[in-house]
Amino acid sequence: MLDEVICPKCGTTNPSGTSWCLKDGAFLWPDEEPDLPGVRLAPDIDAAGPPEVTVEPRRPVIDLRYGVTLMVQVRNQSAVAESYRIDLADLPAWLTGTANEVTLPPGSAASVSVHIGVRPGLFLYHQRIPIVVRVRSRDDGSICVDAPVELLVPRVDNGLRLRAVPDVVVLTDTTHGTVRLTMDNARSNFPRRVSLSASDPDHAVRCTCTPAEINVAPNAMAVAEVRFTIPATSPGLHQTRLLTVAVDEHGRAPVTTTITVEQEGLPVDAGLADDEQTAVGAVGYDVASKPLAFTDPSLKSLPRLASARMRLDPEVVYVPERRRGEFLVVVNNGDGVEPLHIGLAQADDGDAVSYDFQPPQFDVPAGQVVASTLVVQPRRCGRDDPIERIIRVQAFDDTGDSIECEGTLVSSGWDKWRIGSIVLPLTGGAMALVGVVTAWTRQSNYYGSDWFERLTTVAGLPGSTMGQNSLFTGAWLQAEPSLSQPVGRCLVMILALVMAFGIAGPEGRVVRITSLSLLIFICGYGLYTLLTPLPVATGGLAYGVYLVIFGGLLGYCGGLLARR
(Lines give C-alpha, C1' and ligand atoms only; values in the text may rest on other atoms or scores of the structure.)
Protein backbone atom coordinates (compact mmCIF):
# COMPACT_ATOMS: atom_id res chain seq x y z
CA MET A 1 0.00 0.00 0.00
CA LEU A 2 2.94 2.32 0.57
CA ASP A 3 3.85 1.95 -3.08
CA GLU A 4 0.43 3.16 -4.22
CA VAL A 5 -1.23 6.58 -4.18
CA ILE A 6 -5.03 6.84 -4.20
CA CYS A 7 -6.57 9.78 -6.06
CA PRO A 8 -8.61 11.90 -3.62
CA LYS A 9 -11.01 12.85 -6.42
CA CYS A 10 -11.90 9.65 -8.27
CA GLY A 11 -10.38 6.95 -5.99
CA THR A 12 -8.14 5.45 -8.69
CA THR A 13 -4.99 3.66 -7.45
CA ASN A 14 -1.81 5.19 -8.93
CA PRO A 15 1.83 3.95 -8.66
CA SER A 16 4.11 5.41 -6.02
CA GLY A 17 5.85 8.60 -7.06
CA THR A 18 2.97 9.74 -9.26
CA SER A 19 1.89 13.35 -8.74
CA TRP A 20 -1.06 13.42 -11.13
CA CYS A 21 -3.90 10.90 -11.41
CA LEU A 22 -3.57 8.71 -14.46
CA LYS A 23 -7.38 8.67 -14.97
CA ASP A 24 -8.71 12.18 -14.45
CA GLY A 25 -5.44 14.16 -14.16
CA ALA A 26 -6.17 15.43 -10.60
CA PHE A 27 -3.25 16.39 -8.33
CA LEU A 28 -2.60 13.57 -5.83
CA TRP A 29 -1.02 15.71 -3.07
CA PRO A 30 -3.55 18.47 -2.31
CA ASP A 31 -1.52 19.74 0.67
CA GLU A 32 1.38 20.72 -1.57
CA GLU A 33 1.60 23.22 -4.38
CA PRO A 34 1.71 21.26 -7.64
CA ASP A 35 4.49 21.77 -10.10
CA LEU A 36 2.86 22.01 -13.49
CA PRO A 37 4.60 19.69 -15.91
CA GLY A 38 6.14 21.29 -18.92
CA VAL A 39 3.74 20.04 -21.56
CA ARG A 40 4.11 21.30 -25.10
CA LEU A 41 1.68 20.37 -27.83
CA ALA A 42 3.12 19.29 -31.10
CA PRO A 43 2.52 21.82 -33.88
CA ASP A 44 0.54 19.23 -35.92
CA ILE A 45 -1.94 18.50 -33.09
CA ASP A 46 -4.72 21.03 -32.40
CA ALA A 47 -6.73 21.23 -29.23
CA ALA A 48 -9.85 20.82 -31.38
CA GLY A 49 -9.94 19.98 -35.07
CA PRO A 50 -12.30 18.63 -37.75
CA PRO A 51 -13.04 14.91 -37.68
CA GLU A 52 -12.36 12.43 -40.43
CA VAL A 53 -15.63 11.29 -42.03
CA THR A 54 -16.20 8.29 -44.29
CA VAL A 55 -19.63 7.26 -45.67
CA GLU A 56 -20.42 3.80 -47.00
CA PRO A 57 -21.74 3.22 -49.58
CA ARG A 58 -20.84 6.38 -51.48
CA ARG A 59 -23.44 5.67 -54.17
CA PRO A 60 -26.34 3.98 -52.37
CA VAL A 61 -29.41 2.61 -54.15
CA ILE A 62 -32.59 3.43 -52.25
CA ASP A 63 -35.32 0.84 -51.80
CA LEU A 64 -38.61 2.52 -52.73
CA ARG A 65 -40.41 0.81 -49.84
CA TYR A 66 -37.88 0.45 -47.03
CA GLY A 67 -35.33 3.16 -47.86
CA VAL A 68 -31.59 2.76 -47.34
CA THR A 69 -29.21 2.92 -44.36
CA LEU A 70 -25.82 4.67 -44.57
CA MET A 71 -22.91 3.86 -42.28
CA VAL A 72 -21.00 6.99 -41.30
CA GLN A 73 -17.55 6.44 -39.74
CA VAL A 74 -16.35 9.39 -37.68
CA ARG A 75 -12.76 9.61 -36.35
CA ASN A 76 -11.87 12.24 -33.73
CA GLN A 77 -8.49 13.67 -34.79
CA SER A 78 -8.33 16.33 -32.09
CA ALA A 79 -6.63 16.14 -28.71
CA VAL A 80 -9.87 16.50 -26.72
CA ALA A 81 -13.07 14.48 -26.47
CA GLU A 82 -15.75 15.69 -28.87
CA SER A 83 -19.48 15.11 -29.38
CA TYR A 84 -20.66 15.12 -32.97
CA ARG A 85 -24.12 15.34 -34.53
CA ILE A 86 -24.63 13.48 -37.81
CA ASP A 87 -27.56 14.53 -39.99
CA LEU A 88 -28.54 14.89 -43.65
CA ALA A 89 -28.41 18.18 -45.53
CA ASP A 90 -29.88 19.22 -48.91
CA LEU A 91 -32.47 16.45 -48.61
CA PRO A 92 -35.39 16.68 -51.11
CA ALA A 93 -38.88 17.13 -49.70
CA TRP A 94 -39.93 13.62 -50.79
CA LEU A 95 -37.21 11.99 -48.67
CA THR A 96 -37.00 11.59 -44.89
CA GLY A 97 -33.81 11.28 -42.86
CA THR A 98 -32.80 10.42 -39.31
CA ALA A 99 -30.09 12.14 -37.27
CA ASN A 100 -27.68 10.59 -34.79
CA GLU A 101 -25.03 11.62 -32.27
CA VAL A 102 -21.75 10.16 -31.08
CA THR A 103 -19.14 11.13 -28.46
CA LEU A 104 -15.54 10.14 -29.16
CA PRO A 105 -12.36 10.34 -27.04
CA PRO A 106 -9.25 11.72 -28.74
CA GLY A 107 -7.97 9.55 -31.59
CA SER A 108 -10.90 7.11 -31.50
CA ALA A 109 -13.46 6.28 -34.22
CA ALA A 110 -17.01 4.92 -34.37
CA SER A 111 -19.58 3.99 -37.02
CA VAL A 112 -23.05 5.55 -36.84
CA SER A 113 -26.06 4.59 -38.99
CA VAL A 114 -28.23 7.16 -40.75
CA HIS A 115 -31.47 6.04 -42.43
CA ILE A 116 -33.01 7.61 -45.53
CA GLY A 117 -36.67 6.83 -46.28
CA VAL A 118 -39.29 7.70 -48.90
CA ARG A 119 -42.45 9.57 -47.93
CA PRO A 120 -45.52 7.37 -48.49
CA GLY A 121 -47.87 7.93 -51.40
CA LEU A 122 -45.26 9.32 -53.81
CA PHE A 123 -44.17 8.02 -57.20
CA LEU A 124 -40.41 8.52 -57.68
CA TYR A 125 -38.77 8.88 -61.08
CA HIS A 126 -35.50 7.14 -61.91
CA GLN A 127 -32.77 9.67 -61.10
CA ARG A 128 -29.59 10.41 -59.16
CA ILE A 129 -29.94 12.76 -56.20
CA PRO A 130 -26.91 14.46 -54.62
CA ILE A 131 -27.23 14.72 -50.84
CA VAL A 132 -24.82 15.69 -48.07
CA VAL A 133 -24.02 13.83 -44.83
CA ARG A 134 -23.06 16.58 -42.37
CA VAL A 135 -20.99 15.93 -39.23
CA ARG A 136 -20.94 18.92 -36.87
CA SER A 137 -19.40 19.42 -33.44
CA ARG A 138 -21.96 20.10 -30.72
CA ASP A 139 -19.58 22.36 -28.77
CA ASP A 140 -18.02 24.29 -31.65
CA GLY A 141 -20.34 25.10 -34.54
CA SER A 142 -17.43 26.07 -36.78
CA ILE A 143 -16.21 22.45 -36.84
CA CYS A 144 -18.26 20.92 -39.62
CA VAL A 145 -17.47 18.32 -42.28
CA ASP A 146 -19.72 17.60 -45.29
CA ALA A 147 -19.49 14.26 -47.08
CA PRO A 148 -21.28 14.24 -50.49
CA VAL A 149 -23.31 11.16 -51.39
CA GLU A 150 -25.04 10.36 -54.69
CA LEU A 151 -28.37 8.59 -54.09
CA LEU A 152 -29.78 6.47 -56.90
CA VAL A 153 -33.51 5.88 -57.39
CA PRO A 154 -33.62 2.53 -59.24
CA ARG A 155 -35.63 1.81 -62.33
CA VAL A 156 -39.10 0.34 -62.01
CA ASP A 157 -40.03 -1.26 -65.33
CA ASN A 158 -43.67 -2.25 -65.65
CA GLY A 159 -43.47 -2.66 -69.40
CA LEU A 160 -44.89 -0.64 -72.28
CA ARG A 161 -48.45 -1.45 -73.35
CA LEU A 162 -49.94 -0.66 -76.74
CA ARG A 163 -53.55 -0.10 -77.69
CA ALA A 164 -54.87 0.62 -81.16
CA VAL A 165 -58.13 2.55 -81.47
CA PRO A 166 -59.91 1.16 -83.36
CA ASP A 167 -58.28 -2.26 -83.60
CA VAL A 168 -60.65 -3.29 -86.43
CA VAL A 169 -60.93 -0.92 -89.41
CA VAL A 170 -63.61 -1.39 -92.07
CA LEU A 171 -62.89 0.32 -95.39
CA THR A 172 -65.69 0.51 -97.92
CA ASP A 173 -64.67 1.58 -101.43
CA THR A 174 -61.64 3.47 -100.08
CA THR A 175 -57.97 2.69 -99.67
CA HIS A 176 -56.97 5.02 -96.84
CA GLY A 177 -57.32 4.54 -93.10
CA THR A 178 -56.11 6.02 -89.82
CA VAL A 179 -55.60 4.38 -86.44
CA ARG A 180 -54.71 6.07 -83.17
CA LEU A 181 -51.98 4.23 -81.25
CA THR A 182 -51.73 4.72 -77.48
CA MET A 183 -48.47 3.84 -75.69
CA ASP A 184 -48.97 3.42 -71.95
CA ASN A 185 -45.91 3.70 -69.68
CA ALA A 186 -47.97 3.48 -66.47
CA ARG A 187 -46.17 2.51 -63.23
CA SER A 188 -42.74 2.74 -64.90
CA ASN A 189 -40.57 5.46 -63.40
CA PHE A 190 -38.30 6.25 -66.35
CA PRO A 191 -38.88 7.77 -69.80
CA ARG A 192 -38.72 5.79 -73.00
CA ARG A 193 -37.72 6.86 -76.50
CA VAL A 194 -39.27 4.52 -79.02
CA SER A 195 -39.45 4.14 -82.79
CA LEU A 196 -42.71 3.25 -84.52
CA SER A 197 -43.20 1.11 -87.61
CA ALA A 198 -46.07 -0.77 -89.24
CA SER A 199 -46.21 -3.43 -91.94
CA ASP A 200 -48.27 -6.32 -93.26
CA PRO A 201 -47.07 -9.87 -94.10
CA ASP A 202 -47.44 -9.30 -97.86
CA HIS A 203 -45.71 -5.89 -97.82
CA ALA A 204 -48.57 -4.56 -99.92
CA VAL A 205 -49.72 -1.84 -97.51
CA ARG A 206 -47.93 1.50 -97.30
CA CYS A 207 -47.89 2.69 -93.68
CA THR A 208 -46.79 5.97 -92.13
CA CYS A 209 -46.40 6.54 -88.37
CA THR A 210 -46.65 10.11 -87.12
CA PRO A 211 -44.36 10.78 -85.34
CA ALA A 212 -41.88 8.07 -86.27
CA GLU A 213 -40.05 8.52 -82.95
CA ILE A 214 -41.65 9.60 -79.73
CA ASN A 215 -40.70 10.15 -76.09
CA VAL A 216 -42.99 8.55 -73.50
CA ALA A 217 -42.73 10.24 -70.10
CA PRO A 218 -42.58 8.21 -66.86
CA ASN A 219 -45.98 6.98 -65.66
CA ALA A 220 -47.68 8.64 -68.63
CA MET A 221 -49.16 7.95 -72.04
CA ALA A 222 -48.28 9.08 -75.54
CA VAL A 223 -50.42 9.00 -78.67
CA ALA A 224 -49.36 8.56 -82.28
CA GLU A 225 -51.19 8.09 -85.57
CA VAL A 226 -50.76 5.23 -88.01
CA ARG A 227 -51.94 6.11 -91.53
CA PHE A 228 -52.04 3.38 -94.14
CA THR A 229 -52.92 2.98 -97.80
CA ILE A 230 -53.94 -0.42 -99.12
CA PRO A 231 -54.25 -1.55 -102.75
CA ALA A 232 -57.69 -1.14 -104.28
CA THR A 233 -59.82 -4.23 -104.41
CA SER A 234 -62.16 -5.39 -107.14
CA PRO A 235 -65.84 -4.34 -106.88
CA GLY A 236 -67.82 -6.64 -104.62
CA LEU A 237 -64.72 -8.38 -103.26
CA HIS A 238 -64.11 -8.66 -99.50
CA GLN A 239 -60.54 -8.88 -98.24
CA THR A 240 -58.98 -8.99 -94.74
CA ARG A 241 -55.47 -7.73 -94.02
CA LEU A 242 -53.47 -7.78 -90.77
CA LEU A 243 -51.22 -4.85 -89.94
CA THR A 244 -48.54 -5.29 -87.29
CA VAL A 245 -47.51 -2.13 -85.46
CA ALA A 246 -44.17 -2.42 -83.65
CA VAL A 247 -42.77 -0.07 -81.04
CA ASP A 248 -39.03 -0.55 -80.81
CA GLU A 249 -37.15 0.65 -77.75
CA HIS A 250 -33.44 0.49 -78.49
CA GLY A 251 -31.82 -2.40 -76.68
CA ARG A 252 -35.11 -4.10 -75.85
CA ALA A 253 -37.46 -6.48 -77.59
CA PRO A 254 -40.10 -4.62 -79.64
CA VAL A 255 -43.69 -4.44 -78.42
CA THR A 256 -46.30 -5.20 -81.08
CA THR A 257 -50.04 -5.02 -81.59
CA THR A 258 -52.20 -6.13 -84.50
CA ILE A 259 -54.78 -4.14 -86.47
CA THR A 260 -57.38 -5.92 -88.61
CA VAL A 261 -58.38 -4.16 -91.83
CA GLU A 262 -61.62 -5.29 -93.45
CA GLN A 263 -61.73 -4.06 -97.05
CA GLU A 264 -65.02 -4.13 -98.93
CA GLY A 265 -65.56 -3.00 -102.50
CA LEU A 266 -68.89 -1.60 -103.67
CA PRO A 267 -71.15 -3.93 -105.68
CA VAL A 268 -70.71 -3.84 -109.41
CA ASP A 269 -74.00 -1.99 -110.03
CA ALA A 270 -73.64 0.47 -107.13
CA GLY A 271 -71.85 3.14 -109.12
CA LEU A 272 -73.73 2.87 -112.44
CA ALA A 273 -74.93 6.13 -113.92
CA ASP A 274 -75.99 7.39 -117.27
CA ASP A 275 -73.32 6.42 -119.77
CA GLU A 276 -73.58 9.69 -121.66
CA GLN A 277 -73.26 11.80 -118.55
CA THR A 278 -70.32 9.70 -117.33
CA ALA A 279 -68.46 10.03 -120.60
CA VAL A 280 -69.09 13.73 -120.89
CA GLY A 281 -67.95 14.35 -117.35
CA ALA A 282 -64.76 12.46 -117.98
CA VAL A 283 -63.65 14.50 -120.96
CA GLY A 284 -64.87 17.82 -119.59
CA TYR A 285 -67.78 18.52 -121.97
CA ASP A 286 -71.49 18.84 -121.43
CA VAL A 287 -74.33 18.45 -123.87
CA ALA A 288 -73.61 20.27 -127.13
CA SER A 289 -76.25 22.90 -126.49
CA LYS A 290 -74.66 23.73 -123.07
CA PRO A 291 -70.98 24.66 -123.26
CA LEU A 292 -69.08 24.00 -120.02
CA ALA A 293 -67.74 27.09 -118.25
CA PHE A 294 -64.24 26.71 -116.79
CA THR A 295 -62.88 28.86 -113.96
CA ASP A 296 -59.21 29.33 -113.06
CA PRO A 297 -58.79 27.68 -109.62
CA SER A 298 -56.15 30.24 -108.64
CA LEU A 299 -58.75 33.01 -108.88
CA LYS A 300 -61.07 31.38 -106.34
CA SER A 301 -60.59 32.60 -102.75
CA LEU A 302 -60.07 30.07 -99.99
CA PRO A 303 -62.70 29.76 -97.21
CA ARG A 304 -62.03 31.91 -94.17
CA LEU A 305 -62.19 28.87 -91.88
CA ALA A 306 -59.42 27.13 -93.82
CA SER A 307 -56.80 29.34 -92.16
CA ALA A 308 -57.94 28.44 -88.62
CA ARG A 309 -56.58 25.55 -86.57
CA MET A 310 -58.47 23.62 -83.91
CA ARG A 311 -57.37 21.13 -81.27
CA LEU A 312 -58.55 19.49 -78.03
CA ASP A 313 -56.58 20.16 -74.87
CA PRO A 314 -55.65 17.75 -73.39
CA GLU A 315 -55.65 15.11 -76.08
CA VAL A 316 -56.41 12.29 -73.60
CA VAL A 317 -58.77 12.56 -70.60
CA TYR A 318 -59.22 9.81 -67.99
CA VAL A 319 -62.56 9.57 -66.13
CA PRO A 320 -64.17 6.93 -63.89
CA GLU A 321 -67.22 5.05 -65.08
CA ARG A 322 -70.07 7.43 -66.00
CA ARG A 323 -68.18 10.46 -64.69
CA ARG A 324 -67.81 13.67 -66.62
CA GLY A 325 -64.63 14.73 -68.36
CA GLU A 326 -63.64 18.13 -69.70
CA PHE A 327 -61.75 19.19 -72.82
CA LEU A 328 -60.86 22.64 -74.05
CA VAL A 329 -61.78 23.19 -77.69
CA VAL A 330 -59.07 25.62 -78.78
CA VAL A 331 -59.61 27.56 -82.03
CA ASN A 332 -56.55 29.44 -83.30
CA ASN A 333 -57.22 32.23 -85.82
CA GLY A 334 -53.66 33.48 -85.68
CA ASP A 335 -53.17 33.28 -89.46
CA GLY A 336 -56.59 34.73 -90.34
CA VAL A 337 -57.24 38.29 -91.48
CA GLU A 338 -60.97 38.29 -90.70
CA PRO A 339 -62.92 37.43 -87.55
CA LEU A 340 -64.72 34.10 -87.39
CA HIS A 341 -68.11 33.23 -85.91
CA ILE A 342 -67.70 29.63 -84.81
CA GLY A 343 -70.30 27.04 -83.90
CA LEU A 344 -69.35 23.71 -82.32
CA ALA A 345 -71.05 20.36 -82.78
CA GLN A 346 -70.43 16.65 -82.39
CA ALA A 347 -68.67 15.32 -85.48
CA ASP A 348 -69.86 11.70 -85.25
CA ASP A 349 -73.29 10.13 -84.93
CA GLY A 350 -72.51 7.79 -82.01
CA ASP A 351 -74.48 7.96 -78.78
CA ALA A 352 -71.84 6.37 -76.53
CA VAL A 353 -70.81 9.82 -75.23
CA SER A 354 -72.88 12.93 -74.53
CA TYR A 355 -71.44 16.30 -75.63
CA ASP A 356 -72.06 19.63 -73.92
CA PHE A 357 -70.32 22.73 -75.34
CA GLN A 358 -70.02 25.74 -73.05
CA PRO A 359 -70.60 27.97 -75.01
CA PRO A 360 -71.65 26.28 -78.27
CA GLN A 361 -71.01 29.45 -80.33
CA PHE A 362 -68.44 32.22 -80.03
CA ASP A 363 -66.43 34.74 -82.05
CA VAL A 364 -62.70 34.45 -82.75
CA PRO A 365 -61.08 37.77 -83.69
CA ALA A 366 -58.34 37.80 -86.31
CA GLY A 367 -54.93 36.89 -84.92
CA GLN A 368 -56.31 35.56 -81.61
CA VAL A 369 -57.05 32.25 -79.90
CA VAL A 370 -60.38 31.44 -78.19
CA ALA A 371 -61.34 28.28 -76.31
CA SER A 372 -64.66 26.70 -75.34
CA THR A 373 -65.25 24.04 -72.69
CA LEU A 374 -66.49 20.63 -73.82
CA VAL A 375 -68.05 18.48 -71.09
CA VAL A 376 -68.36 14.82 -72.10
CA GLN A 377 -69.98 12.00 -70.18
CA PRO A 378 -69.72 8.36 -71.28
CA ARG A 379 -72.77 6.16 -71.23
CA ARG A 380 -72.86 3.09 -69.04
CA CYS A 381 -70.50 0.47 -70.44
CA GLY A 382 -71.04 -2.38 -67.95
CA ARG A 383 -67.42 -3.57 -68.19
CA ASP A 384 -64.57 -3.81 -65.72
CA ASP A 385 -61.76 -2.84 -68.08
CA PRO A 386 -61.22 0.73 -69.37
CA ILE A 387 -62.78 1.75 -72.68
CA GLU A 388 -61.29 4.32 -75.05
CA ARG A 389 -63.60 6.49 -77.09
CA ILE A 390 -62.63 8.91 -79.84
CA ILE A 391 -64.08 12.39 -79.25
CA ARG A 392 -64.61 14.21 -82.56
CA VAL A 393 -65.56 17.88 -82.64
CA GLN A 394 -66.62 19.89 -85.68
CA ALA A 395 -66.37 23.68 -85.95
CA PHE A 396 -68.40 25.46 -88.65
CA ASP A 397 -68.87 29.08 -89.65
CA ASP A 398 -71.65 31.10 -91.26
CA THR A 399 -70.69 30.01 -94.77
CA GLY A 400 -71.07 26.30 -93.98
CA ASP A 401 -67.33 25.48 -94.08
CA SER A 402 -66.07 23.26 -91.27
CA ILE A 403 -62.92 21.84 -89.67
CA GLU A 404 -62.56 18.93 -87.27
CA CYS A 405 -60.33 17.73 -84.45
CA GLU A 406 -60.37 14.74 -82.16
CA GLY A 407 -59.20 13.51 -78.76
CA THR A 408 -59.46 10.39 -76.63
CA LEU A 409 -61.69 9.75 -73.61
CA VAL A 410 -60.64 6.80 -71.45
CA SER A 411 -63.43 5.71 -69.10
CA SER A 412 -62.94 2.97 -66.53
CA GLY A 413 -65.45 0.21 -65.95
CA TRP A 414 -67.47 -0.54 -62.86
CA ASP A 415 -65.36 -1.00 -59.75
CA LYS A 416 -67.18 -3.93 -58.15
CA TRP A 417 -64.85 -3.90 -55.15
CA ARG A 418 -65.68 -0.27 -54.43
CA ILE A 419 -69.39 -1.02 -54.67
CA GLY A 420 -69.01 -3.90 -52.21
CA SER A 421 -67.03 -1.71 -49.80
CA ILE A 422 -70.02 0.66 -49.65
CA VAL A 423 -72.96 -1.76 -49.72
CA LEU A 424 -71.64 -4.25 -47.14
CA PRO A 425 -70.98 -1.74 -44.29
CA LEU A 426 -74.33 -0.05 -44.88
CA THR A 427 -76.16 -3.39 -44.86
CA GLY A 428 -74.23 -4.59 -41.81
CA GLY A 429 -74.94 -1.37 -39.92
CA ALA A 430 -78.67 -1.64 -40.69
CA MET A 431 -78.76 -5.27 -39.53
CA ALA A 432 -76.94 -4.41 -36.29
CA LEU A 433 -79.40 -1.59 -35.60
CA VAL A 434 -82.34 -3.94 -36.15
CA GLY A 435 -80.77 -6.44 -33.75
CA VAL A 436 -80.29 -3.72 -31.13
CA VAL A 437 -83.90 -2.51 -31.07
CA THR A 438 -85.39 -6.03 -31.26
CA ALA A 439 -85.32 -6.44 -27.46
CA TRP A 440 -87.21 -3.18 -26.90
CA THR A 441 -90.02 -4.38 -29.15
CA ARG A 442 -90.68 -7.33 -26.81
CA GLN A 443 -92.53 -6.44 -23.65
CA SER A 444 -89.75 -7.65 -21.36
CA ASN A 445 -89.33 -6.52 -17.78
CA TYR A 446 -85.59 -6.38 -18.26
CA TYR A 447 -85.64 -3.75 -21.03
CA GLY A 448 -88.28 -1.31 -19.86
CA SER A 449 -88.01 2.44 -19.41
CA ASP A 450 -87.38 2.16 -15.64
CA TRP A 451 -83.64 1.67 -16.09
CA PHE A 452 -82.57 4.64 -13.93
CA GLU A 453 -84.99 3.67 -11.15
CA ARG A 454 -83.61 0.14 -11.04
CA LEU A 455 -80.04 1.47 -10.97
CA THR A 456 -80.66 3.75 -7.98
CA THR A 457 -82.53 0.98 -6.17
CA VAL A 458 -79.83 -1.65 -6.53
CA ALA A 459 -77.00 0.81 -5.77
CA GLY A 460 -78.74 1.87 -2.55
CA LEU A 461 -78.67 5.56 -3.41
CA PRO A 462 -80.66 8.03 -1.29
CA GLY A 463 -84.36 7.87 -2.01
CA SER A 464 -84.36 4.18 -2.91
CA THR A 465 -86.81 1.76 -1.36
CA MET A 466 -84.33 -1.09 -0.72
CA GLY A 467 -81.94 0.72 1.57
CA GLN A 468 -78.17 0.53 1.39
CA ASN A 469 -77.27 -2.55 -0.66
CA SER A 470 -73.91 -3.61 -1.96
CA LEU A 471 -73.41 -3.87 -5.70
CA PHE A 472 -72.20 -7.44 -5.15
CA THR A 473 -75.26 -8.71 -3.27
CA GLY A 474 -77.97 -10.94 -4.64
CA ALA A 475 -80.17 -7.94 -5.40
CA TRP A 476 -77.55 -6.71 -7.85
CA LEU A 477 -77.42 -10.03 -9.68
CA GLN A 478 -81.19 -10.18 -9.88
CA ALA A 479 -81.44 -6.70 -11.40
CA GLU A 480 -78.18 -6.69 -13.38
CA PRO A 481 -79.62 -7.63 -16.83
CA SER A 482 -81.95 -4.65 -16.76
CA LEU A 483 -78.96 -2.42 -15.93
CA SER A 484 -76.22 -3.58 -18.29
CA GLN A 485 -78.06 -4.66 -21.42
CA PRO A 486 -79.65 -1.28 -22.28
CA VAL A 487 -76.22 0.36 -21.94
CA GLY A 488 -74.58 -2.34 -24.02
CA ARG A 489 -77.21 -2.09 -26.73
CA CYS A 490 -76.80 1.69 -26.90
CA LEU A 491 -73.05 1.18 -27.32
CA VAL A 492 -73.66 -1.36 -30.11
CA MET A 493 -76.00 1.14 -31.76
CA ILE A 494 -73.28 3.81 -31.72
CA LEU A 495 -70.71 1.39 -33.17
CA ALA A 496 -73.16 0.33 -35.91
CA LEU A 497 -73.76 3.96 -36.91
CA VAL A 498 -70.02 4.75 -36.97
CA MET A 499 -69.42 1.62 -39.06
CA ALA A 500 -72.06 2.66 -41.58
CA PHE A 501 -70.81 6.23 -41.89
CA GLY A 502 -67.18 5.05 -41.90
CA ILE A 503 -67.41 4.31 -45.63
CA ALA A 504 -66.29 7.91 -46.17
CA GLY A 505 -62.98 7.19 -44.43
CA PRO A 506 -59.74 6.32 -46.24
CA GLU A 507 -59.22 2.67 -47.24
CA GLY A 508 -62.04 1.40 -44.96
CA ARG A 509 -59.97 1.79 -41.78
CA VAL A 510 -62.83 3.23 -39.71
CA VAL A 511 -65.19 0.49 -40.93
CA ARG A 512 -62.77 -2.29 -39.97
CA ILE A 513 -62.01 -0.85 -36.53
CA THR A 514 -65.64 -0.25 -35.56
CA SER A 515 -66.92 -3.58 -36.92
CA LEU A 516 -64.15 -5.46 -35.10
CA SER A 517 -64.91 -3.54 -31.90
CA LEU A 518 -68.59 -4.41 -32.28
CA LEU A 519 -67.82 -8.12 -32.66
CA ILE A 520 -65.42 -8.16 -29.70
CA PHE A 521 -67.92 -6.37 -27.49
CA ILE A 522 -70.90 -8.58 -28.32
CA CYS A 523 -68.84 -11.78 -27.95
CA GLY A 524 -67.35 -10.56 -24.66
CA TYR A 525 -70.76 -9.69 -23.27
CA GLY A 526 -72.02 -13.10 -24.34
CA LEU A 527 -69.24 -14.79 -22.37
CA TYR A 528 -70.05 -12.58 -19.39
CA THR A 529 -73.67 -13.69 -19.36
CA LEU A 530 -72.61 -17.34 -19.59
CA LEU A 531 -70.03 -17.21 -16.81
CA THR A 532 -71.94 -14.96 -14.36
CA PRO A 533 -74.71 -16.63 -12.22
CA LEU A 534 -77.50 -14.46 -13.59
CA PRO A 535 -81.20 -15.41 -13.31
CA VAL A 536 -82.46 -17.84 -15.90
CA ALA A 537 -85.23 -15.53 -17.02
CA THR A 538 -82.91 -12.76 -18.31
CA GLY A 539 -83.91 -13.54 -21.94
CA GLY A 540 -82.74 -10.48 -23.81
CA LEU A 541 -79.28 -11.34 -25.08
CA ALA A 542 -80.67 -13.71 -27.68
CA TYR A 543 -83.01 -11.02 -28.97
CA GLY A 544 -81.24 -9.77 -32.14
CA VAL A 545 -77.73 -10.91 -31.18
CA TYR A 546 -77.37 -12.96 -34.36
CA LEU A 547 -78.30 -9.96 -36.48
CA VAL A 548 -75.67 -7.87 -34.66
CA ILE A 549 -72.95 -10.48 -35.18
CA PHE A 550 -73.83 -10.99 -38.85
CA GLY A 551 -73.96 -7.22 -39.41
CA GLY A 552 -70.50 -6.82 -37.86
CA LEU A 553 -69.11 -9.53 -40.13
CA LEU A 554 -70.59 -7.84 -43.20
CA GLY A 555 -69.10 -4.50 -42.16
CA TYR A 556 -65.65 -6.01 -41.64
CA CYS A 557 -65.77 -7.68 -45.08
CA GLY A 558 -66.68 -4.32 -46.61
CA GLY A 559 -63.74 -2.69 -44.86
CA LEU A 560 -61.41 -5.34 -46.31
CA LEU A 561 -62.75 -4.68 -49.83
CA ALA A 562 -62.01 -0.96 -49.43
CA ARG A 563 -58.30 -1.75 -49.13
CA ARG A 564 -58.09 -3.15 -52.66
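Structure summary
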| quantity | calculated |
| --- | --- |
| Test: Ser111 is closer than 22 Å to Arg58 by Cβ, hydroxyl-bearing (Ser, Thr, Tyr) and over 26 Å from the mean Cα position of the chain (by Cα) | yes |
| Residue pairs meeting the criteria (Cβ under 9 Å; at least 6 apart or on separate chains; first on the phi > 0 side of the Ramachandran plot, in the range 198-226; second surrounded by 14 or more Cβ atoms within 10 Å (Cβ to Cβ) and of a type in the set (Phe, Trp, Tyr)) | Asn219/Tyr125 |
| Residue in the range 111-123 that is at pLDDT below 90, surrounded by 13 or more Cβ atoms within 10 Å (Cβ to Cβ) and closer than 15 Å to Pro218 by Cβ present | no |
| Strands (runs of 3 or more DSSP E) wholly inside the range 53-139 containing at least 3 residues that are closer than 28 Å to Arg155 by Cβ, of a type outside the set (Asp, Glu) and assigned by TED's automatic domain parsing to the domain that holds Val149 | 68-75, 95-97, 109-118, 127-137 |
| Sole exception among (1) surrounded by 14 or more Cβ atoms within 10 Å (Cβ to Cβ); (2) touching a residue at least 40 places away in the same chain (Cβ under 8 Å); (3) among the aliphatic types (A, V, I, L, M) for Val170, by number | (1) |
| Leading residue by the ranking (modelled with the lowest pLDDT) among those in the range 522-540 that are touching a helix residue (DSSP H, G or I) at 6+ places or on another chain (Cβ under 7 Å) and within 16 Å of Gly552 (Cβ to Cβ) | Gly526 |
| Residue within the range 193-214 that is within 19 Å of the chain's Cα centre (by Cα), among the charged types (D, E, K, R) and either within 30 Å of Arg241 (Cα to Cα) or surrounded by fewer than 18 Cβ atoms within 10 Å (Cβ to Cβ) (or both) present | no |
| Residue among Ala345, Ala366 that is in a strand (DSSP E or B) and either farther than 18 Å from Arg311 by Cβ or at pLDDT 85 or above (or both) | Ala345 |
| Unique match (being surrounded by 16 or more Cβ atoms within 10 Å (Cβ to Cβ), more than 20 Å from the chain's Cα centre (by Cα) and at pLDDT below 80) among Gly407, Gly420 | Gly420 |
| Selection from the range 480-509 of residues that are β-branched (Val, Ile, Thr) and modelled with pLDDT under 85 | Val487, Val492, Ile503 |
| Output for the range 84-111, where each listed residue is in contact (Cβ under 8 Å) with a residue 24 or more places away in the chain and either basic (Lys, Arg) or farther than 27 Å from Leu151 by Cα (or both) | Arg85, Leu104, Pro105, Pro106, Gly107, Ser108 |
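Residue by residue, here is whether (1) hydroxyl-bearing (Ser, Thr, Tyr); (2) more than 32 Å from the chain's Cα centre (by Cα); (3) at pLDDT 85 or above holds:
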{"position": "Ser354", "(1), (2), (3)": "yes, no, no"}
{"position": "Ser372", "(1), (2), (3)": "yes, no, yes"}
{"position": "Val375", "(1), (2), (3)": "no, no, yes"}
{"position": "Cys381", "(1), (2), (3)": "no, no, no"}
{"position": "Asp384", "(1), (2), (3)": "no, no, no"}
{"position": "Gln394", "(1), (2), (3)": "no, yes, yes"}
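The values are calculated or read from the model by the stated rules, or taken from the named source; none is laboratory data. What you see is a predicted model, and the numbers here were worked out from it, not measured in a lab. Quick reminder, even Gly has a Cβ in these numbers, built from the backbone with ideal geometry, and neighbours come from all protein chains shown.
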